[in-house]
Structure formats: C-alpha cells, structure tokens
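A short worksheet on the structure shown next.
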Amino acid sequence: MGIFSKDIKTMDDLFLHGLQDIYYAEKQITKALPKMIKLATNRDLTAGLSAHLKETEGQIKRLEQVFTLLGEEAKGAHCPAIDGIIKEADETSGEVADPAVLDAAIVANCQAVEHYEIARYGTLIAWAEELDNDEVISLLSANLNEEKAADAKLTGVALSKGVNSIAADAA
C-alpha cells in the first residue's frame, strides 16, 4: 500500500490500515524492548520496561481480537514511523558512553514510542466511534490506557526515581 496506489477507498479501509500499522508497531516494539531492558542500569527503569514488555504482548492479543471481530486476518502493515523511532533509539544507545546518561536516553526514546502509540490508539478509537465499531472500542481503549500509564511511569522514573538527575551529575 503506497501513497499513490489508492488502496484505501473507505473509512473502513483506513481504519483497517491503521490497525495493521499499530499491530506492526507493537510487534516491532516487542523486538526492541529486550535490548533496552538489557542496556538499562536503573533498577526501576528495567522493572518498568520488563512489565511493559508483558503489557505489549497483551496489547498484541487485544489487537488480534479486534481483527477477529472485524473478520480480518491479523497482519501488520509496514510502519516507517515506528521503524524510525526504534532506529533512532538504537543509534542513540550506541553513542552514549555513560550508563547513567544512557538510562536517561532510554527513557526519552521509550517515551517517543509511547507518544506515537498514544496518538495511533487515540485516532483508532475516534475512527471506531465514527464507524460504530463499539465492540472494538473497549479493546483499543484498554491498550491506550496502558500506553498512557507506561508514559506516566517513564516520567516518574525520569523525575521521581532520579534517572535524569543522576544523568545530569554524571561526569
């Protein structure tokens, strides 16, 4: 599906494409998170990322339920946006020498992912409402709520748990 192929003809098509996009994104995130967990040195950050990995696996299952409810195959559509965010996270991780600064970079990179997901789920819920797909709204809302909670936890790790202040004090 490309910009000039005109494969998206209806709002239902657009909704399905959006679902395929976030499905692909969630799958890519499950591949990227273990690396971030391995690189993180802050105990709270590691625990939070590990918990979110399990949540992400649950989000994928909910998306698969959405596809089933729509009578569609659960499959992803290539998402250059999430690929770019993950690539940037990998590149940043390779450039940071100090583990404390790396923890702050991991928080920032993970928040970029969360913000992308929050935007996508918010849009999908709005479209589902317009399309009267009430049975999928609760599944998508559960995913959105988890993404918002993960973002808030990352902010807490950065600020309350001291990741940012420790990174600022690093030599």
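The values are calculated or read from the model by the stated rules, or taken from the named source; none is laboratory data. It should be emphasised that the depicted structure is a prediction, and the values quoted were computed from it without experimental measurement. Every residue, glycine among them, receives a Cβ derived from its backbone with ideal geometry; neighbour counts consider all protein chains shown.
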(message) Give all pairs with beta carbons closer than 6 Å in which a residue from region 43-59 that is closer than 13 Å to V107 by Cα meets a residue that is of a type in the set (K, R) and surrounded by fewer than 23 Cβ atoms within 10 Å (Cβ to Cβ); count only pairs at least 6 apart in sequence or on separate chains.
(response) D44/K161; G48/K153
(message) I need every pair where a residue in region 23-38 that is free of Cβ contacts under 8 Å to residues at least 60 places away in the same chain has its Cβ under 8 Å from the Cβ of a residue that is of a type in the set (A, V, I, L, M) and outside any helix (DSSP H, G or I), sequence separation at least 6 or different chains.
(response) Y23/A74; Y23/A77; Y24/A77
(message) What's the number of the only condition in (1) surrounded by fewer than 17 Cβ atoms within 10 Å (Cβ to Cβ); (2) part of a helix (DSSP H, G or I); (3) modelled with pLDDT of 95 or more that E72 fails to meet?
(response) (2)
